[in-house]
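To keep things clear, I will list the structure first and then write my remarks on it.
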Amino acid sequence: MSNVIAIVNPKGGVGKTTSALNIAAGLLRYSDITSSVLTIDMDPQGCMSSTLLGKIDGAPPARTIFDVLRRAITPHDGITSTVFQENIETLPSSPHLESMAKTQLFDRLKKVTDQLTSSYGWILIDTPPNMGVLTLNALVAADYVLIPTPINGLSVSTLRKLKADLDAVMNGPNDLLQILGILVTMKDARTKPNKKLVAEVEEVFGKDVLFKTAITTNTKIEEAPAEFQSIFQFDNSCVGATLYRDFLKKEMLKRLAALEKKRAELIEGRY
């Protein structure tokens, strides 16, 4: 069964899509599950899709996740290969997703991922910078939620609201959803973390939610998507690649293994 991970932060400009791309590539390189990764782009802006398909500012694909969600095509028919060196496939975004954002259909994506989990070792869902219907679809479909964010005053207030929204999902339509953790992004390597702000985040989410590895501001990380590459393909020896590699190998994969055991216990407790 796949690990379905939603990458969520209702605040824009936090490195969410960049992290989603590099985590997708890194999972294939550094996890024990070497089958292909499927990415699903639920953001109508389609930044992940453009990068994966090598079509910055290009026309949207002929087949998209929107077509799948409105049941014009099957989930498998909407999937396309990407230009990334890693074996990543995608259900690309469409600007027409905006029309779905006006509905109250929260479980459409769950029905899609249920049909695809046996075909992929990992499914990663990128989400728009809000907590609307599209993001809620991702949370209802996901096994885990990962939150990339800088740690500053504005982000901490956003995280407080996000925690309340996550609790509502976990106490409602997806009681098996688990918080994978908070990945600190866009950190200034020259400064130490603000202890007061870190304490505020831990007060909201708990002491173990913050990953120790922080992704610092790095030119190579910013340049890689413009070249339609993951950071590992673009420059596997740069600081950015090292940080994402350490995050995956030393923290994220180990935490996933622990949460998978907890998930199995929760499912067993139902029967």
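The values are calculated or read from the model by the stated rules, or taken from the named source; none is laboratory data. This one's a predicted model, so the numbers in the text were calculated from it and none came from an experiment. Quick reminder, even Gly has a Cβ in these numbers, built from the backbone with ideal geometry, and neighbours come from all protein chains shown. Note: areas computed on protein heavy atoms with side chains; ligands, DNA, RNA excluded. Shrake-Rupley method; radii C 1.70, N 1.55, O 1.52, S 1.80 Å.
With an 8 Å cut-off on Cα pairs and a minimum separation of 6 or more residues, tell me the relative contact order of the stretch 164-246 in percent.
26
Counting pairs of alpha carbon atoms under 8 Å apart in space and at least six apart in sequence, what relative contact order in percent does the stretch 57-200 give?
Numbers: 154 pairs, mean separation 27.4, N = 144.
Relative contact order comes out at 19 percent.
Can you give the Rg/Rh ratio of the stretch 121-248, where Rg is from the C-alpha atoms and Rh is the Kirkwood radius?
Working: Rg = 15.6 Å, Rh = 16.0 Å.
Rg divided by Rh gives 0.98.
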query: What order do Tyr30, Tyr120 take when sorted by accessible area (1.4 Å probe), most exposed first?
result: Tyr30, Tyr120
- prompt: Under 5 Å between amide H atoms, partner at least 5 residues away or on a different chain: which partners does Thr213 have, H built in plane at 1.01 Å?
  reply: none
statement: Rounded to the nearest 500, the 222 nm mean residue ellipticity computed for the chain from DSSP H runs (n ≥ 4, each -39500 (n - 2.57)) alone is -12000 deg cm²/dmol
query: Between Leu124 and residues 5 or more places away or on another chain, which pairs have amide H atoms under 5 Å apart, with H built 1.01 Å from N, and which residues are they?
result: Ile5, Leu38, Thr39, Ile40
- request: Check each of the trypsin sites (Lys or Arg not before Pro) in the stretch 153-234 and keep only those in coil by DSSP with at most 12 other C-beta atoms within 10 angstrom; list them in order.
  value: Arg190, Lys207
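I need the semi-axes of the equivalent ellipsoid of the chain: take the C-alpha gyration tensor, multiply each eigenvalue by 5, square-root it, list largest first in whole angstrom.
25, 23, 19
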message: Give the aspartates and glutamates whose C-alpha is closer than 18 Å to that of Lys55, dropping any in the same chain fewer than 8 places away, or say none.
response: Asp41, Asp43, Glu86, Glu89, Asp126, Glu222, Glu223, Glu227
message: Tell me the net charge near Asp126. Cut-off is 9 Å between Cβ atoms, Asp126 excluded, with +1 for each Lys or Arg and -1 for each Asp or Glu.
response: -1
field: Sequence-separation-based contact order of the stretch 87-160, relative, with Cα cut under 8 Å and 6+ spacing, percent
entry: 35
field: Within the accessible area of the stretch 11-99 (1.4 Å probe), percent carbon and sulfur
entry: 47
